[in-house]
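Below is one structure, written out as structure tokens, with a few remarks after it.
The values are calculated or read from the model by the stated rules, or taken from the named source; none is laboratory data. Fair warning: this is a prediction, and the values are worked out from it, not measured in the lab. Using ideal geometry, Cβ is built from the backbone for each residue, glycine included, and neighbour counts are taken over all protein chains shown.
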Amino acid sequence: MTSRFENWEYPLIEENKLTEYHWLVQHKDKLKLGYKTDIGAFTYINAKNGVIIEDYVQIGSHCSLYTVSTIDDKKGPIILKKNCKIGSHSTIMPNVTVGSNSIIGAHSFVNKDIPDNVLAFGTPVKVIKKLK
């Protein structure tokens, strides 16, 4: 891992308040945050139905993670597996797992599971290729 994680500490997360890194969580008691995660500024996490962010996950700025969608009445957990990366301005919908080491390109709409070790992007998201 890069040196920016050398002095990494779990962030203080308060309900409905920006962290020192300028991201926000609703239902913080249902968020499980892994070790050496990196969440970009202005990201919103609605953890009402559970969000698990495993170790070394990176989430770009301005992302939205929704475990409930009032428009289509979907609800369910979100799981971001170890070392996956979510590009800036992406949206993750309920009942989605992003696999280990996978990369989601910026501005993607993730409404289905993404397997391990792939590059995926688009609106809606599509797997583009396997990663080595």
> If you go through segment 32-46 one residue at a time, how many are more than 11 Å from the chain's Cα centre (by Cα) and under 16 Å from L80 (Cβ atoms)?
Replying inline: 4
> Of all the residues that make up segment 59-84, how many are crowded, with 16+ Cβ neighbours inside 10 Å and either of a type in the set (V, I, T) or under 15 Å from I128 (Cα atoms) (or both)?
Replying inline: 5
>> Any residue at all in segment 81-90 that's of a type in the set (S, T, Y) and over 14 Å from C63 (Cα atoms)?
In response: no
>> Out of K36, K112, I need the residue that is under 19 Å from I128 (Cα atoms) and not hydrophobic (A, V, I, L, M, F, W, C). Which one?
In response: K112
> Between residues in segment 20-47 that are free of Cβ contacts under 8 Å to residues at least 60 places away in the same chain and exposed (fewer than 15 other Cβ atoms within 10 Å of the Cβ) and residues that are charged (D, E, K, R) and outside any strand (DSSP E or B), which pairs lie under 7 Å by C-beta distance while being six or more apart or on different chains?
Replying inline: Y35/D55
> Out of segment 107-120, which residues are within 12 Å of I92 (Cα to Cα) and either of a type outside the set (S, T, Y) or touching a helix residue (DSSP H, G or I) at 6+ places or on another chain (Cβ under 9 Å) (or both)?
Replying inline: H107, F109, V110, N111, K112, D113, I114
> Which of the residues that make up segment 108-123 are under 13 Å from K85 (Cα atoms) and within 13 Å of the chain's Cα centre (by Cα)?
Replying inline: S108, V110, I114
> Can you tell me which residues in segment 1-55 are within 14 Å of T67 (Cα to Cα) and acidic (D, E)?
Replying inline: D29
> Does segment 2-16 include one or more residues that are among the charged types (D, E, K, R), exposed (fewer than 14 other Cβ atoms within 10 Å of the Cβ) and under 24 Å from L131 (Cβ atoms)?
Replying inline: yes
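Here's the yes/no breakdown for (1) at pLDDT 95 or above; (2) under 26 Å from I13 (Cα atoms); (3) among the polar types (S, T, N, Q):
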| residue | (1), (2), (3) |
| --- | --- |
| D72 | no, no, no |
| K81 | yes, yes, no |
| I92 | yes, yes, no |
| N101 | yes, yes, yes |
| I104 | yes, yes, no |
| K112 | yes, no, no |
| L119 | yes, no, no |
| T123 | yes, no, yes |
| V127 | yes, no, no |
